[in-house]
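Below is one structure, written out as structure tokens; the observations come after it.
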Amino acid sequence: MAGLEHHRHRQEGSILNWDYPNPFTLPRTPEAADIDGLNHTNNAVYVRWCEQIGWAHSEQLGLSLEDYRRLDRAMAIRRGEYDYILPTFAGEKLTLATWLVGGDGKLSMERRFQLVRDSDGATVLRGRWDLVCIDIAAGKPRRMPQAFLDAYMPAIVATK
């Protein structure tokens, strides 16, 4: 993304350049089942990985799916965008990062993703979700409960 300040993060002997500071990361390696007819990682796999890291980050911040159900609130994806920059292949070591980069403290938040190839630090994917808080039972937008504000708002990274 043009104009973004890059942040260096040491990982297993290499330095990865992240779009934002303090990423929440998960290692990922495409397996044979993840490879499509073009012999690279299927785009749907990246979307699934983003969902997995989103939940892992939420849980690390203190909110699990069970908490969502108990509170009858959820951060639902209103819009998802993915920029597929470079292909990846079976067996390649990758690192997926995520951040919360925006939130109004009422109804919405934004989550960003960056997938980097460990061998050379190349960014292979960037993504973002616009999230809206919903009442699970009714499926309608509702203000974030205090538990969401307490968990998510301190984790939001400032962007320029």
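For segment 82-115, name all the residues that are among the charged types (D, E, K, R), surrounded by fewer than 15 Cβ atoms within 10 Å (Cβ to Cβ) and within 23 Å of Met144 (Cα to Cα). Selection gives Asp104, Lys106. Residues in segment 93-110 that are more than 20 Å from Gly62 (Cβ to Cβ) and in contact with a Phe, Trp or Tyr (Cβ under 7 Å, 6 or more places away or on another chain): Leu96 only. Scanning segment 60-80 for residues that are surrounded by fewer than 14 Cβ atoms within 10 Å (Cβ to Cβ) and either touching a residue at least 60 places away in the same chain (Cβ under 8 Å) or farther than 13 Å from Trp129 by Cα (or both) yields Gln60, Gly62, Ser64, Leu65, Glu66, Arg69, Arg70, Asp72.
With respect to the conditions (1) in a loop (DSSP other than H, G, I, E, B); (2) buried (at least 20 other Cβ atoms within 10 Å of the Cβ), Cys133 falls short on a single one, namely (1).
In segment 23-38, which residues are part of a helix (DSSP H, G or I) and of a type in the set (A, V, I, L, M, F, W, C)?
Ala32, Ala33
Against the conditions (1) surrounded by 15 or more Cβ atoms within 10 Å (Cβ to Cβ); (2) within 13 Å of the chain's Cα centre (by Cα); (3) within 26 Å of Ala138 (Cα to Cα), Trp49 satisfies every one except (3).
Within segment 45-92, the set of residues being in contact with a Phe, Trp or Tyr (Cβ under 8 Å, 6 or more places away or on another chain), among the small types (Gly, Ala, Ser), in a strand (DSSP E or B) and under 29 Å from Ala33 (Cα atoms) comprises just one member, Gly80.
Each value in this text was obtained by applying a stated rule to the coordinates, not by laboratory testing. It should be emphasised that the depicted structure is a prediction, and the values quoted were computed from it without experimental measurement. Note: ideal-geometry Cβ built from the backbone for every residue, glycine included; neighbour counts use all protein chains shown.
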